[in-house]
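The values are calculated or read from the model by the stated rules, or taken from the named source; none is laboratory data. Owing to the predicted nature of the structure, the values given are computational and were not obtained by experimental measurement. Cβ placement follows ideal geometry from the backbone for every residue including glycine, while neighbour counts extend to all protein chains displayed.
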Amino acid sequence: GIQVEQSPPDLILQEGANSTLRCNFSDSVNNLQWFHQNPWGQLINLFYIPSGTKQNGRLSATTVATERYSLLYISSSQTTDSGVYFCAVRDDKIIFGKGTRLHILP
Amino acid sequence: GAGVSQTPSNKVTEKGKYVELRCDPISGHTALYWYRQSLGQGPEFLIYFQGTGAADDSGLPNDRFFAVRPEGSVSTLKIQRTERGDSAVYLCASSLYGSGSPLHFGNGTRLTVT
């Protein structure tokens with residue numbers, strides 16, 4: 001089956017810093033989503049991005065499907081950005097990576 | 001409702017008991033997914049419904065786990081003879097149709113088997 005690798009596994013940043021999270025996948029996929037799981041366990045849909053670039057406020061994402069990777073950019077980090085960021089790819093079923101745990105220090 | 005609803009939010013049961021977890025998807029969404037998430041791990045796929053039928057149940061860990069969606073809307077995940085290793089957060093998600101539309105997750109049911 002498809003393998004999904006996320007990096008880095010953990011990231012600690014000072015408030016106001018920028019970060020880039022990466023998702024590599026091993027095979028062609030139909031689509032890709034980025035999620036944020038907050039400290040209360042809720043999975044929030046950030047981007048549905050099978051290809052191209054999207055932006056939503058301080059967050060943006062780029063997927064290069066032909067090279068099998070996606071990047072999530074967070075600018076001017078805030079403490080509320082803390083949590084785990086998951087990449088999920090779809091072939092027939094949806095496979096999650098192990099996530100990047102982000103901790104923003106005040 | 002506006003989002004995916006899961007009940008109960010928490011369930012504590014004794015080893016060997018039977019439990020049912022309910023998922024009410026977003027109205028009109030034809031695809032429904034069940035996932036299980038253990039502490040520190042990503043969500044693990046269990047089963048996927050398209051309409052009333054299970055399109056892929058390859059993630060169900062064994063025959064103690066079963067899920068139904070009889071009318072193509074609400075789904076119930078059923079676990080027989082629960083074991084302590086079944087303790088996890090069970091997540092449900094729906095999408096408008098299958099591949100090609102974004103997933104929307106509920107808040108999950110935290111199952112604890114004592």
Inset, instruction - State yes or no: is B:T13 surrounded by fewer than 17 Cβ atoms within 10 Å (Cβ to Cβ), in contact with an Asp or Glu (Cβ under 8 Å, 6 or more places away or on another chain), modelled with pLDDT of 95 or more and of a type outside the set (A, V, I, L, M, F, W, C)? - result: no
Legend entry - Cβ pairs under 8 Å, 6+ apart, first in the stretch B:1-26 and within 18 Å of B:T52 (Cα to Cα), second buried (at least 16 other Cβ atoms within 10 Å of the Cβ) and of a type in the set (K, R): B:L21/B:K11
Legend entry - Odd one out for B:G108 among (1) under 22 Å from A:G41 (Cα atoms); (2) out of contact with any helix residue (DSSP H, G or I) (no Cβ under 7 Å at 6 or more places or on another chain); (3) more than 9 Å from every other protein chain (Cβ to nearest Cβ); (4) at pLDDT 95 or above: (3)
Inset, instruction - Test B:Q50 against the stated conditions and say whether it is within 11 Å of another protein chain (Cβ to nearest Cβ) and among the polar types (S, T, N, Q). - result: yes
Inset, instruction - Scan the stretch B:74-93 for residues that are closer than 24 Å to A:N45 by Cα, of a type outside the set (A, V, I, L, M, F, W, C) and either surrounded by fewer than 18 Cβ atoms within 10 Å (Cβ to Cβ) or without any contact (Cβ under 8 Å) to a residue 40 or more places away in the chain (or both) and report the count. - result: 1
Legend entry - Of all residues in the stretch A:66-101 being polar (S, T, N, Q) and in contact with a Leu (Cβ under 7 Å, 6 or more places away or on another chain), the one that is nearest to the other protein chains (Cβ to nearest Cβ): A:T100
Legend entry - Checking A:I2 against (1) within 14 Å of chain B (Cβ to nearest Cβ); (2) aliphatic (A, V, I, L, M); (3) crowded, with 21+ Cβ neighbours inside 10 Å; (4) in contact (Cβ under 8 Å) with a residue 40 or more places away in the chain, the condition it does not meet: (3)
Legend entry - Count of residues meeting criterion [assigned to a strand (DSSP E or B), at pLDDT below 95, closer than 14 Å to A:F96 by Cβ and of a type outside the set (S, T, Y)] in the stretch B:38-52: 2
